[in-house]
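The values are calculated or read from the model by the stated rules, or taken from the named source; none is laboratory data. Because the structure is predicted, anything quoted here is derived from the model rather than measured. We place every Cβ from the backbone using ideal geometry, glycine too, and count neighbours over all the protein chains shown.
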Amino acid sequence: MTPTRRRWLVRGLLLVVAVVVVALVIRLIGRVDWGEVRSALQHLAWWQFPVLLVVLLLRQVLNALPLSLYIPGVSAYRATQNDQVAILMSTIAPPPSDVALRMAMFSSWGVPVAKGLAGTLMNTLTFYIVRFGAPAVGFVLLAVTGGEVGLRWADLVSVAISVSIFVGLLLVIRSEALARRVGTTGGRLARRVRRTVDPEAWAAACVQFRIDIAARFRRGFPRSLLALSAMLVVDLTMLVMALRFVGLENAEVPIVEIAIAYLFAYPFTLFPFSGIGIVDALVLAAIVEHAGADVEAVAVAGLVVWRVFTIGGPLALGALGLAAWRRTSGGSSAAALPE
């Protein structure tokens, strides 16, 4: 099976899982009254849209900030521009088109490809640590509020993934010998699934990665974790604002309940389009479980507003970022890209 077919197969399986999860959750919460959803959307005032846009911009800057912390010569502005364009490209074209465009942009700014790749990988790994570690904060909030854990014990798997990535990353950075050992071990495990994998090549890649990122790791890694954690807080703030703007009152669903639902659902943003459908269904189910079916339509309206900004917003920013790069610093790299 070719790599392209394998990627599309994985995407198809993820889509099937998403449909099944959404169908099961909707079956539990009942049928949505879309007439009431439209009525809830009418609560929106014009001034709320620019407010949400400002919060979205802050979210996207924080999401991209690790790139500027890991890659020398990349400012926060360029990191944000690069990240938005990569989001756009990953949506409209199969991988690794987004990585190729990232590297073209870095090259046009005078950043070596090796440094750009290492920084992009570090950005991804840091984000995965935060993404899969989010339920840990959810468990803390449940303990503080006295809420029931129930099926959420399964999210300990997500926390374990986060810890594993964190520990593996520290081992790679700690010394060249450990980096080589981690690469060799990972390659041998991967070869059980895919026979063409070369453990020695994986070991060499880990060593090179360590060389490219080690100088900025001590300063960049903790700040990147902080930036991405702040991004989650801003994203949650957008969700709360969207729900409040359409009429879901704090007396019905307190912020802490929304936060708990969001944190336990967040690992599912791994799925395409930031887990659209799955994350929304899980958050909706938690809200309905807390406040009853009467708030279901209003909650759906709030989730629609949140998704319009968090999914549509980055795509629009990516289009603007790509146009700006082509017009200014793209140069010959931009000319090589398809129109």
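Among the criteria (1) buried (at least 20 other Cβ atoms within 10 Å of the Cβ); (2) at pLDDT 95 or above; (3) of a type outside the set (Ser, Thr, Tyr), the one residue 255 does not fulfil is (1). Evaluating residue 143 against the criteria (1) among the small types (Gly, Ala, Ser); (2) at pLDDT below 90; (3) more than 22 Å from the chain's Cα centre (by Cα) leaves one unmet condition, (2).
Could you identify the single residue in 299, 265, 261 that is in a helix (DSSP H, G or I), touching a Leu at 6+ places or on another chain (Cβ under 8 Å) and closer than 27 Å to residue 67 by Cβ? Quick ask: steps written out before the conclusion?
Numbers: 299 fails: closer than 27 Å to residue 67 by Cβ; 261 fails: closer than 27 Å to residue 67 by Cβ.
It is 265.
Scan region 204-235 residue by residue and report those that are hydrophobic (A, V, I, L, M, F, W, C), free of Cβ contacts under 8 Å to residues at least 40 places away in the same chain and buried (at least 20 other Cβ atoms within 10 Å of the Cβ). Outline the logic, then answer.
Of all residues in region 204-235, those hydrophobic (A, V, I, L, M, F, W, C) come to 204-207, 209, 211, 213-215, 217, 221, 225-228, 230-234.
Those left that are additionally free of Cβ contacts under 8 Å to residues at least 40 places away in the same chain: 204-207, 211, 215, 226, 233.
Answer for region 204-235, where residues must be hydrophobic (A, V, I, L, M, F, W, C), free of Cβ contacts under 8 Å to residues at least 40 places away in the same chain and buried (at least 20 other Cβ atoms within 10 Å of the Cβ): just 206.
Listed by position, the helices (runs of 4 or more DSSP H) enclosed by region 77-185 that each have at least 1 residues that are surrounded by 19 or more Cβ atoms within 10 Å (Cβ to Cβ) and among the β-branched types (Val, Ile, Thr) are 113-145, 156-174. Can you list residue pairs whose Cβ atoms sit under 8 Å apart, with the first residue in region 244-271 being within 20 Å of residue 161 (Cα to Cα) and the second being among the hydroxyl-bearing types (Ser, Thr, Tyr)? Count only pairs 6 or more apart in sequence or on different chains. From region 244-271, the pairs are 260/145; 267/158. Once region 302-331 is narrowed to residues that are among the hydroxyl-bearing types (Ser, Thr, Tyr) and part of a loop (DSSP other than H, G, I, E, B), the residue that is modelled with the lowest pLDDT is 329. Does residue 38 meet the test of being surrounded by 11 or more Cβ atoms within 10 Å (Cβ to Cβ), modelled with pLDDT of 90 or more, within 25 Å of residue 247 (Cβ to Cβ) and out of contact with any Cys (no Cβ under 9 Å at 6 or more places or on another chain)? Criteria not met by residue 38.
Scan region 277-290 and tell me whether some residue there is under 19 Å from the mean Cα position of the chain (by Cα), within 26 Å of residue 157 (Cα to Cα) and outside any helix (DSSP H, G or I). Even if it seems obvious, please write down each step before you answer.
Within region 277-290, the first condition is being under 19 Å from the mean Cα position of the chain (by Cα), and the residues that meet it are 277-283.
Imposing the further condition that a residue be within 26 Å of residue 157 (Cα to Cα) reduces the set to 277-283.
Of the ones still in play, those that are also outside any helix (DSSP H, G or I) are 277.
Checked against the condition, which is being under 19 Å from the mean Cα position of the chain (by Cα), within 26 Å of residue 157 (Cα to Cα) and outside any helix (DSSP H, G or I), region 277-290 yields at least one hit.
Those residues that are crowded, with 16+ Cβ neighbours inside 10 Å and touching a residue at least 12 places away in the same chain (Cβ under 8 Å), I need them from region 64-76; list them, please. Result: 64, 65, 66, 67, 69, 70, 71, 74. Among all residues of region 59-71, there is at least one that is closer than 20 Å to residue 227 by Cβ, of a type in the set (A, V, I, L, M, F, W, C) and not in a helix (DSSP H, G or I). For beta carbons closer than 7 Å, sequence separation of 6+ or different chains, a first residue in region 132-148 that is within 10 Å of residue 263 (Cβ to Cβ) and a second that is exposed (fewer than 15 other Cβ atoms within 10 Å of the Cβ), the qualifying pairs are 141/256; 142/149.
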